[in-house]
Structure formats: structure tokens, C-alpha cells
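Notes follow once the structure below has been shown.
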Amino acid sequence: MGQATFSVRMDENLKNDFDSLCEDFGMSMTTAINVFARAVVRERRIPFEIAASSVGRPRLSGAEALNALRAQAKANGIQDMSLDEINEEIRKTRYGEGS
């Protein structure tokens, strides 16, 4: 299966924070986005709650959103996946192999 390019515009500070956290996780931002996309496709839903902010309730920061993703990964038992396991999941998804 061929590769496709996906461009995203985001606040520069968010991008820098996201890049730094991804490095802490031992992965690139591209790998993190692929992990997210695979989870969405596999679960057929966004793998964390999305809600409109209430009046007076601040929106989640990028770090808080990533922490929510971490909590969801832990709840699904996938928080300790190695980079090799993540890459294998990507490969399976690309070639339409079952999980």
C-alpha cells in the first residue's frame, strides 16, 4: 500500500510541546499521529472524550489532551507498547491484516 502525505496547521507552541512529548515517548510526531489514526479506525471512534467547553471552563491544553490519550491507552491496556509493536500495528493496518 502506498504512502500519503498529511499536512496539519497548528499553533507553533502546541507543535513544539507535542514534538517534545513525542520524543519523551520515544517516537516521532508522525508515529504518534499514525498511532492515533489507527486507534480511531480500529475503534471507530475518537479514543477519548470530546466535549464542548462550558462557559467558564477552560479548554484542555495540548499536554492535558495527551494525558487524556495516555489514560485511554492505559484503560485499553496498550500503554506499554514498544516502538516495534506500534510499527507492527501500523504494518497490519496498512496491509489490511486483522488485529
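The values are calculated or read from the model by the stated rules, or taken from the named source; none is laboratory data. Since the model is a prediction, treat every value here as computed from it, not as a measurement. Please note: Cβ atoms are built from the backbone with ideal geometry, for glycine as well, and neighbour counts cover all protein chains shown. Just the protein is used for accessible areas: all its heavy atoms, side chains included, with ligands, DNA and RNA removed. Shrake-Rupley method; radii C 1.70, N 1.55, O 1.52, S 1.80 Å.
Data for the structure
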| read-out | value |
| --- | --- |
| Enumeration of residues in region 66-89 that are open to solvent by 70 Å² or more (accessible area, probe 1.4 Å), hydrophobic (A, V, I, L, M, F, W, C) and closer than 16 Å to Arg42 by Cβ | Ala75 |
| Residue match in region 47-63 (condition: part of a helix (DSSP H, G or I), at pLDDT below 80 and surrounded by fewer than 14 Cβ atoms within 10 Å (Cβ to Cβ)) | yes |
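Residue by residue, here is whether (1) assigned to a helix (DSSP H, G or I); (2) open to solvent by less than 70 Å² (accessible area, probe 1.4 Å); (3) in contact with a helix residue (DSSP H, G or I) (Cβ under 6 Å, 6 or more places away or on another chain) holds:
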site	(1), (2), (3)
Gln3	no, no, no
Arg9	no, no, no
Asp17	yes, no, yes
Asp24	yes, no, no
Thr30	yes, no, no
Ala39	yes, yes, no
Arg42	yes, no, no
Arg45	no, no, no
